Amino acid sequence: MKIIVAIKQVPERDAQVRIDAAGKWIEEADVQFAMNESDAYALEEALQLKEKHGGEVVVLSAGPERVGTTIREAMAKGADRAIHVEADNLHELDSLSAARLLAEAIRPESADLVLTGLQSDDLGLGQTGVILAELLGLPHASLILTVQKTEGGLTVKRELENGWFQNIELPLPAVLTIQSGGNKLRYATLMGIKRAKTKEVRRVAASELGAAPAALAILESIALPQKQRSTQILPGSAKEAAAALVEKLKFEVRVL
């Protein structure tokens, strides 16, 4: 079974970001980058499938030269080889344009299964994997927690709302978008880090893939969220105030 895992390099979650002079992206020199969280779970799912059923795991990532560190991390964890689509302007591409690049890189591989994370931690659109499936003409399922190989294809467990789950069957080849938390992520071992240095990384320029790089949706500007403090006095008895506080935490702050 050949599995391709699309991974994205994103700013670390606790990074202190500044908006660049153009107001359209962040100052990348100021932040550290890491593998997108749900993509890391997609990689773990692929590695477990390989351990059970054999085959090959190929990681695919688009971005500038710095993406190489995330690719090497994936190979240190167990991926067999990698494809690096060199694109310095990845943040300028919309979901369709990015998916077109990935699709053109995937087609020659004739993969049995393509895994992506549910969404990226930086933009959070949750669209690229779904569009990728459409471009490749493959069946797709999203919000996947676990994947099991069957004689006829796959059985997957999807996370729905309010604690509900759905088990469905899909034929192969297919595209799945993986939800965070389905597995326990592994660490790269010292031996894995050494082996990663000898594994193949095929680099291909975005212009060589023939996919139109022009974005249909354009990000005009970004801004940091405004911080403000306010004090509210909840009236009534202690019981009434506690009930009102719970309502605010649920529906306004959304932490419950």
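State all residues of segment 94-138 that are of a type in the set (A, V, I, L, M), assigned to a helix (DSSP H, G or I), closer than 22 Å to LYS149 by Cβ and touching a Ser or Thr at 6+ places or on another chain (Cβ under 9 Å); if no residue qualifies, say none.
LEU132, ALA133
Taking only pairs six or more apart or across chains, which ones have beta-carbon atoms under 6 Å, a first residue in segment 218-233 that is closer than 19 Å to ILE19 by Cβ, and a second residue that is surrounded by 10 or more Cβ atoms within 10 Å (Cβ to Cβ) and small (Gly, Ala, Ser)?
SER221/GLY23
Which one is farthest from LEU47 (Cα to Cα), of the residues in segment 135-181 that are in contact with a helix residue (DSSP H, G or I) (Cβ under 6 Å, 6 or more places away or on another chain) and not hydrophobic (A, V, I, L, M, F, W, C)?
So the residue we want is HIS140.
Conditions tested, residue by residue: (1) assigned to a loop (DSSP other than H, G, I, E, B); (2) touching a strand residue (DSSP E or B) at 6+ places or on another chain (Cβ under 8 Å); (3) modelled with pLDDT under 80; (4) within 19 Å of ASP39 (Cβ to Cβ).
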position: LYS184; (1), (2), (3), (4): yes, no, no, yes
position: ALA188; (1), (2), (3), (4): yes, no, no, yes
position: MET191; (1), (2), (3), (4): no, no, no, no
position: ALA212; (1), (2), (3), (4): yes, no, yes, no
position: ALA215; (1), (2), (3), (4): yes, no, yes, no
position: GLN228; (1), (2), (3), (4): yes, no, yes, no
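Any residue that is within 19 Å of GLY182 (Cα to Cα), in contact (Cβ under 8 Å) with a residue 40 or more places away in the chain and buried (at least 18 other Cβ atoms within 10 Å of the Cβ) - is there at least one of those in segment 81-89?
Scanning segment 81-89, I find no residue that is within 19 Å of GLY182 (Cα to Cα), in contact (Cβ under 8 Å) with a residue 40 or more places away in the chain and buried (at least 18 other Cβ atoms within 10 Å of the Cβ), so the answer is no.
Would a scan of segment 87-94 turn up a residue that is within 21 Å of GLU56 (Cα to Cα) and more than 17 Å from the chain's Cα centre (by Cα)?
Checked segment 87-94: no residue is within 21 Å of GLU56 (Cα to Cα) and more than 17 Å from the chain's Cα centre (by Cα).
Going through VAL59, VAL17 one at a time, which residue ends up being part of a strand (DSSP E or B) and in contact (Cβ under 8 Å) with a residue 12 or more places away in the chain?
Testing whether each residue is part of a strand (DSSP E or B) and in contact (Cβ under 8 Å) with a residue 12 or more places away in the chain leaves just VAL59.
State which residue is nearest to SER142 (Cα to Cα) when the search covers only segment 174-191 and only residues that are in contact with a Ser or Thr (Cβ under 7 Å, 6 or more places away or on another chain) and hydroxyl-bearing (Ser, Thr, Tyr).
Restricting to residues being in contact with a Ser or Thr (Cβ under 7 Å, 6 or more places away or on another chain) and hydroxyl-bearing (Ser, Thr, Tyr), the top hit is THR177.
The values are calculated or read from the model by the stated rules, or taken from the named source; none is laboratory data. Quantities reported herein were computed from a predicted structural model and do not represent experimental measurements. All Cβ positions, glycine included, derive from the backbone under ideal geometry; neighbour counts span all protein chains shown.
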